[in-house]
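Colleague: Handing you this structure, nothing more for now.
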Amino acid sequence: MIKEFNFLRAFACLSIVLLHSTTQFGRLSGYPEGDLFHIVRIFLCFATPVFIVLSEIILANRYNKNLPKGFFGKRIKWILFPFLFFAVVDALVRNYFSPGVDVPLKIFNNIFMGSFIGWFILIIFQFYILHYLVVRFNLSMKWLLPFSYVVMFSYLWAITLDLPMLGSNTTLLQLPFLAWFGYFTTGFVIGKHYNKIAAFMKKYWWSILLLTALSALIIVYNYFNGLTAVNSRRLDLFPFTISFALMLLMIGRTIRHYSLINLISGLSFGIYLLHWQIQRFVAEDLVQLFDNRYLQLGSIFAGTLIIAAVIIKIISLLPFGEFIIGKVKKRERQPKEETLEKRLAS
């Protein structure tokens with residue numbers, strides 16, 4: 001695994017936990033006055049698109065000619081089964097806090113309409129199918145890339161309109177790949193040509209920083225002009241997500257291969273599925289431990305991560321654990337001999 005991929009995944013994982021920690025914090029203690037807190041929450045919405053696009057970057061980096069035997073079977077076992085498991089868990093937890101919920105209906109909605117935190121997995125599986133079609137028929141990105149941008153931005157623009165025919169289905173309408181088509185093609189190009197892109201970023205690092213800053217300013221500008229929605233369907237989140245992801249990949253190439261980064265990266269899928277359910281149970285108790293608002297937010301964030309890590313570790317020890325929280329990636333450790341050789345060589 002390329003180390004900066006782990007860094008980007010770990011950063012996105014922490015960002016999504018922090019975003020939902022701010023949600024719980026705001027619900028329990030009230031959102032702070034002022035715009036900074038809300039703008040930061042919008043920036044944190046990049047986390048889910050990064051998870052989605054990173055899945056395609058890694059896939060295109062490894063398999064840009066064909067898919068290996070058993071590809072879909074492994075992903076059904078390690079990704080789809082956990083999705084189904086937590087679709088049921090979410091329905092049961094919802095019924096626990098709101099007795100009388102139609103549990104079978106809620107499970108159905110979770111699985112087929114993405115009505116819970118695991119909805120992004122439905123997007124990723126569509127990406128798997130798109131990837132298969134691209135490599136199977138050798139589709140050229142010279143036309144598919146711009147075409148995907150036109151389709152995605154047109155679709156997102158359409159579903160953000162307050163049209164009577166859409167009703168309250170805007171969340172459901174984020175599930176078709178059309179809403180993420182540009183992320184797929186961009187991820188494919190980055191993954192397939194990653195060595196060239198990494199060399200470009202090393203030489204022209206300032207251009208990545210400039211693009212990130214400009215895309216961030218667009219979000220701030222739109223916020224002060226009334227676009228205050230905190231979700232990943234924002235049209236202006238796409239350029240920020242891609243440029244910020246490239247910046248993090250660039251940073252990830254320059255820093256040491258820390259074990260903590262690999263640990264969080266390896267647990268990220270389980271953390272993503274678990275963290276919202278954990279916060280439902282513990283957020284209120286954690287907030288009551290402190291009077292300081294920053295400590296309240298920090299306690300939700302840190303407490304969620306610690307509890308999630310412990311639960312994932314316990315589940316991973318079970319024979320069927322991979323069907324619940326996915327395949328937990330092992331931390332990559334360099335052999336002592338290799339480390340010694342590098343020190344002598346330096």
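Colleague: Of the residues SER259, SER268, which single one is small (Gly, Ala, Ser) and modelled with pLDDT of 90 or more?
Modeller: SER268
Colleague: For HIS257, which of the numbered conditions (1) more than 14 Å from ILE16 (Cβ to Cβ); (2) outside any loop (DSSP other than H, G, I, E, B) fails to hold?
Modeller: Result: HIS257 passes all but (2).
Colleague: A further question follows. Does any residue of the range 98-112 turn out to be in contact with a Gly (Cβ under 7 Å, 6 or more places away or on another chain) and either part of a helix (DSSP H, G or I) or under 30 Å from LEU249 (Cα atoms) (or both)? Steps first, answer last, please.
Modeller: If we filter the range 98-112 for residues that are in contact with a Gly (Cβ under 7 Å, 6 or more places away or on another chain), which is where we start, we get none.
No: zero hits.
Colleague: I've got another one for you. Residues that are touching a His at 6+ places or on another chain (Cβ under 8 Å), touching a residue at least 40 places away in the same chain (Cβ under 8 Å) and surrounded by 16 or more Cβ atoms within 10 Å (Cβ to Cβ), at least 2 per element: which helices (runs of 4 or more DSSP H) completely within the range 3-79 meet that?
Modeller: Hits in the range 3-79: 3-29, 47-62.
Colleague: Another question, if that's okay. Please give the helices (runs of 4 or more DSSP H) falling wholly within the range 274-346 in which 1 or more residues are touching a helix residue (DSSP H, G or I) at 6+ places or on another chain (Cβ under 8 Å) and at pLDDT 90 or above.
Modeller: Working: elements: 293-316, 322-325, 336-345.
It comes to 293-316, 322-325.
Colleague: How about the range 101-110: which of its residues are hydrophobic (A, V, I, L, M, F, W, C) and closer than 17 Å to LEU173 by Cβ?
Modeller: none
Colleague: For the range 112-125, does any single residue satisfy the condition of being loosely packed, with under 14 Cβ neighbours inside 10 Å, without any contact (Cβ under 8 Å) to a residue 60 or more places away in the chain and not small (Gly, Ala, Ser)? Talk me through it step by step, then tell me what you get.
Modeller: Here is the first cut: in the range 112-125, the ones loosely packed, with under 14 Cβ neighbours inside 10 Å are 112.
Subset that is without any contact (Cβ under 8 Å) to a residue 60 or more places away in the chain: 112.
After this cut, where a residue has to be not small (Gly, Ala, Ser) as well, the list is 112.
Yes, the conditions are met somewhere in the range 112-125.
Colleague: List every residue pair whose Cβ atoms sit under 9 Å apart, with the two residues 6 or more apart in sequence or on different chains, where the first one lies in the range 186-212 and is closer than 27 Å to PHE153 by Cβ and the second, anywhere, is among the acidic types (Asp, Glu) and assigned to a helix (DSSP H, G or I).
Modeller: Filtered contacts from the range 186-212: THR186/GLU56; GLY187/GLU56; PHE188/GLU56; ILE190/GLU56; GLY191/GLU56.
Colleague: Scan the range 221-233 and give yes if some residue there is crowded, with 19+ Cβ neighbours inside 10 Å, among the hydrophobic types (A, V, I, L, M, F, W, C) and within 17 Å of VAL50 (Cβ to Cβ), otherwise no.
Modeller: no
Colleague: Taking interchain pairs and intrachain pairs at least six residues apart, which have beta carbon atoms under 6 angstrom, with the first residue in the range 226-252 and in contact (Cβ under 8 Å) with a residue 40 or more places away in the chain and over 25 Å from PHE5 (Cβ atoms) and the second of a type in the set (Lys, Arg) and surrounded by 17 or more Cβ atoms within 10 Å (Cβ to Cβ)?
Modeller: VAL230/ARG41
Colleague: Would you point out which residue out of PHE301, PHE244 is within 30 Å of TYR149 (Cβ to Cβ), aromatic (Phe, Trp, Tyr) and out of contact with any strand residue (DSSP E or B) (no Cβ under 7 Å at 6 or more places or on another chain)?
Modeller: Selected residue: PHE244, the only one of PHE301, PHE244 that is within 30 Å of TYR149 (Cβ to Cβ), aromatic (Phe, Trp, Tyr) and out of contact with any strand residue (DSSP E or B) (no Cβ under 7 Å at 6 or more places or on another chain).
Colleague: Which is farther than 25 Å from THR254 by Cα and of a type in the set (A, V, I, L, M), of LEU14, LEU80, LEU54? Outline the logic, then answer.
Modeller: Details: LEU14 fails: farther than 25 Å from THR254 by Cα; LEU54 fails: farther than 25 Å from THR254 by Cα.
From the options LEU14, LEU80, LEU54, the qualifying one is LEU80.
Colleague: Within the range 141-150, does at least one residue satisfy the condition of being in contact (Cβ under 8 Å) with a residue 40 or more places away in the chain and either touching a Leu at 6+ places or on another chain (Cβ under 7 Å) or among the charged types (D, E, K, R) (or both)?
Modeller: The answer is no, given that none of the residues of the range 141-150 is in contact (Cβ under 8 Å) with a residue 40 or more places away in the chain and either touching a Leu at 6+ places or on another chain (Cβ under 7 Å) or among the charged types (D, E, K, R) (or both).
The values are calculated or read from the model by the stated rules, or taken from the named source; none is laboratory data. All of these numbers come straight from a predicted model, not from anything done at the bench. Neighbour counts run over all protein chains shown; Cβ positions are idealised from the backbone, glycine included.
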